[in-house]
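Input: a single structure, listed below in structure tokens.
The values are calculated or read from the model by the stated rules, or taken from the named source; none is laboratory data. As the structure is a computational prediction, the values presented were derived from the model and not from experiment. Here the Cβ positions follow ideal geometry from the backbone for every residue, glycine too, while neighbour counts run over all protein chains shown.
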Amino acid sequence: MQINRDFTIQKVGTSWVAVPVGETSKHFHGMVRLNETGAFLWEQMAEKDCTEEELVEALLGEYDVSREVAARDVHRVVELLRENWILA
């Protein structure tokens, strides 16, 4: 999975928002709000194509969480991004 290049992420207060740019902004008129964990996972997927397992490993390396919590969080973020056509 990799982030669609037609989206960018910006920090707004304590949250992060993903917004469309370029051609995508003509059909996607919303934004997706992410927390710090979601923004971290976004950055991972913006750099390279990742599997869910690679994202779990990255999360485990960055945060002090159990594998179960990391896997659940990764899955939730991936599904949110997929539902909003943010993944390429």
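The set of residues from segment 3-56 being charged (D, E, K, R), without any contact (Cβ under 8 Å) to a residue 24 or more places away in the chain and assigned to a loop (DSSP other than H, G, I, E, B) comprises just one member, D6.
For segment 19-55, what are the residues that are touching a helix residue (DSSP H, G or I) at 6+ places or on another chain (Cβ under 7 Å) and crowded, with 17+ Cβ neighbours inside 10 Å? Selection gives V32, L34, T37, G38, F40, L41, Q44, C50, L55.
The selection criterion, being at pLDDT below 95 and in a helix (DSSP H, G or I), does not hold for R72. I'd like to check something: does segment 62-73 contain any residue that is surrounded by fewer than 16 Cβ atoms within 10 Å (Cβ to Cβ) and under 12 Å from the mean Cα position of the chain (by Cα)? Scanning segment 62-73 turns up no residue that is surrounded by fewer than 16 Cβ atoms within 10 Å (Cβ to Cβ) and under 12 Å from the mean Cα position of the chain (by Cα).
Of the residues examined, E79 is not one that is exposed (fewer than 12 other Cβ atoms within 10 Å of the Cβ), more than 10 Å from the chain's Cα centre (by Cα) and either among the basic types (K, R) or assigned to a helix (DSSP H, G or I) (or both).
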